[in-house]
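What follows is one structure encoded as structure tokens, with my remarks underneath.
The values are calculated or read from the model by the stated rules, or taken from the named source; none is laboratory data. Predicted model, so just to flag it, every value in this text is computed and none were measured. Here the Cβ positions follow ideal geometry from the backbone for every residue, glycine too, while neighbour counts run over all protein chains shown.
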């Protein structure tokens with residue numbers, strides 16, 4: 001398993017990443033604004049369920065790759081670092097998308113909202129790439145089975161993310177004016193970009 005210091009670093013990075021606005025968080029806010037807190041809570045649970053799929057896909061995919069070639073594991077770590085930097089730069093350069101993403105959604109049933117949140121997350125290749133890029137940064141083949149380490153880290157990421165999403169869903173109604181403000185949304189996007197770039201540089205400058 002990861003060392004205590006590595007896990008604490010992972011926990012802090014996870015909290016920061018889950019607090020930064022991305023498509024899933026924007027979707028939850030939009031549902032909360034459009035249909036109330038219940039819709040936001042259901043959306044959060046659907047997205048968390050979708051993340052389970054990506055956790056196990058990343059865990060066993062990377063584990064199989066390591067068994068076949070230790071060099072491949074190093075390659076995916078560096079490719080993941082580059083991808084995180086790419087995501088960060090895109091967020092830093094993007095303008096005007098957050099406000100349009102937060103427009104209230106039309107009413108839908110709880111079951112439909114749950115399915116939409118789950119499948120939107122599951123079928124998003126960027127989410128799969130993110131899990132493949134992020135989780136291996138805190139895994140070491142010397143600390144036990146890679147699949148087990150990535151599964152534990154992934155479950156913690158989902159737990160932390162779901163708590164954040166539920167909190168956002170409950171607060172979105174009261175904070176609606178703030179989230180709809182284009183300037184604040186842009187600032188949050190830029191903060192997200194800086195976090196991604198920093199994580200990408202972390203793996204790029206660290207030893208394999």
Exercise. Considering (1) within 14 Å of residue 171 (Cα to Cα); (2) touching a helix residue (DSSP H, G or I) at 6+ places or on another chain (Cβ under 8 Å), say which one residue 36 fails and leave the rest.
Key: (2)
Quiz prompt | Residue list for the range 41-94, filter: over 16 Å from residue 132 (Cα atoms), buried (at least 22 other Cβ atoms within 10 Å of the Cβ) and modelled with pLDDT under 80 | solution = 91
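Test of understanding: among 195, 203, which residue is within 15 Å of the chain's Cα centre (by Cα) and either in a helix (DSSP H, G or I) or modelled with pLDDT of 85 or more (or both)? Give the derivation first.
Values: 203 fails: within 15 Å of the chain's Cα centre (by Cα).
Testing whether each residue is within 15 Å of the chain's Cα centre (by Cα) and either in a helix (DSSP H, G or I) or modelled with pLDDT of 85 or more (or both) leaves just 195.
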